[in-house]
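K.L.:
One structure coming up, written as structure tokens, with questions to follow.
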Amino acid sequence: MRSLAGKVALVTGARAGLGAATVEALASAGATVIACGRKAGDCNATVETVMKAGGRAFDLALDAADIRGISARIEAALQLAGGIDILVNNAATIAPMAPLGELDPVAFDQAMTVNISGPAALTAALWPHFSKKGGRIINVVSGASNQPMVGWAAYCASKAALLMLTRSTELEGAALGIRGFAFAPGLVDTGMQADIRAARINAISDIPRENLAPPERPARVVAWLASGAADDLAGQYLDIRQEGLAERAGL
């Protein structure tokens with residue numbers, strides 16, 4: 001994989017799980033990483049892990065649901081690290097998990113805010129910065145982007161919208177050097193999967209934990225996408241389970 005030395009990445013939802021693993025993967029490739037959680041200090045453990053390994057990372061409070069506050073948080077991030085070259089929109093919620101006839105519309109709206117409006121606001125806030133020198137935006141999508149699942153109307157709809165946001169990013173950004181990637185990490189052993197098992201709402205709930213992939217595996221693919229080595233795949237739906245993708249990423 002190409003080195004990310006000299007690059008700065010911002011990762012949302014970086015307190016644990018795939019987000020934390022992505023911070024570590026990007027840092028191990030040489031990037032300085034801004035690890036974002038909803039509250040200040042949420043990502044201290046993630047940052048400490050990176051620093052102990054000889055990398056460079058910062059903790060930053062950035063709530064993807066706080067749409068009005070995102071521009072100010074991006075300004076804080078730019079001042080903190082001197083620039084941003086890579087955005088990883090990882091923060092997401094699986095809630096509400098309910099049949100459509102029982103769906104809470106307020107909870108549905110909250111899910112859309114976190115899963116799609118937040119990434120859109122972050123993309124817009126960084127667009128003027130990226131348009132000066134290019135940048136890569138990796139949106140963490142899901143097989144739910146293309147496949148409806150019982151009880152997951154909010155999650156499926158928001159991830160489908162995130163896939164289309166990625167395609168719009170590539171359409172409008174490619175000429176400016178802004179590349180957009182939609183990456184589905186597959187079934188990963190995270191807190192979200194624990195919530196899915198507890199909900200007992202569809203077939204995904206029945207997948208044993210031992211069958212889930214460690215988050216470090218898809219995190220390495222995110223770092224590979226961020227490196228520029230896969231720019232020919234920009235704008236496409238990319239699933240870690242696609243034939244040849246993991247191998248090309250060096251897994």
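The values are calculated or read from the model by the stated rules, or taken from the named source; none is laboratory data. None of these values were measured; they are calculated from a predicted model. Virtual Cβ from ideal backbone geometry, glycine too; neighbours counted across all protein chains shown. Only protein heavy atoms, including side chains, enter the accessible area calculation; ligands, DNA and RNA are left aside. Shrake-Rupley method; radii C 1.70, N 1.55, O 1.52, S 1.80 Å.
K.L.:
Run down L126, L78 and say which single residue is at pLDDT 95 or above and either open to solvent by 60 Å² or more (accessible area, probe 1.4 Å) or under 22 Å from S168 (Cα atoms) (or both).
P.N.:
L126
K.L.:
State which residue pairs qualify: first residue within 15 Å of N202 (Cβ to Cβ) and inside the stretch 93-122, second residue at pLDDT 95 or above and open to solvent by 40 Å² or more (accessible area, probe 1.4 Å) in any location, beta carbons under 6 Å apart, and separation of 6 or more residues or different chains.
P.N.:
These pairs meet every condition: P96/D104.
K.L.:
Based on what the data block shows, is E216 among the acidic types (D, E) and within 24 Å of G118 (Cα to Cα)?
P.N.:
It is false that E216 is among the acidic types (D, E) and within 24 Å of G118 (Cα to Cα).
K.L.:
Further question on the same structure: G41 - would you say it is more than 18 Å from the chain's Cα centre (by Cα) and more than 28 Å from Q110 (Cβ to Cβ)?
P.N.:
no
K.L.:
Please enumerate the residues belonging to the stretch 129-151 that are of a type in the set (A, V, I, L, M, F, W, C) and open to solvent by 60 Å² or more (accessible area, probe 1.4 Å).
P.N.:
Scanning the stretch 129-151 gives a single hit, V150.
K.L.:
Of all residues in the stretch 178-202, which are touching a residue at least 24 places away in the same chain (Cβ under 8 Å) and more than 29 Å from L87 (Cα to Cα)?
P.N.:
Result: A199, I201, N202.
K.L.:
Could I ask something else about it? Kindly list, by first and then second residue, each pair from a residue in the stretch 43-54 that is open to solvent by less than 20 Å² (accessible area, probe 1.4 Å) to a residue that is among the polar types (S, T, N, Q), limited to pairs with Cβ atoms under 9 Å and residues at least 6 apart or on different chains.
P.N.:
Hits for this filter: V50/S28.
K.L.:
Taking the criterion of being buried (at least 17 other Cβ atoms within 10 Å of the Cβ) and outside any helix (DSSP H, G or I), would at least one residue in the stretch 155-175 satisfy it?
P.N.:
No, because not a single residue in the stretch 155-175 is buried (at least 17 other Cβ atoms within 10 Å of the Cβ) and outside any helix (DSSP H, G or I).
K.L.:
When the residues of the stretch 13-34 are narrowed to those that are assigned to a helix (DSSP H, G or I) and hydroxyl-bearing (S, T, Y), which ends up surrounded by the most Cβ atoms within 10 Å (Cβ to Cβ)?
P.N.:
Here the answer is T22.
K.L.:
If I go through the stretch 205-247 residue by residue, how many of them are free of Cβ contacts under 8 Å to residues at least 24 places away in the same chain and farther than 24 Å from T190 by Cβ?
P.N.:
3
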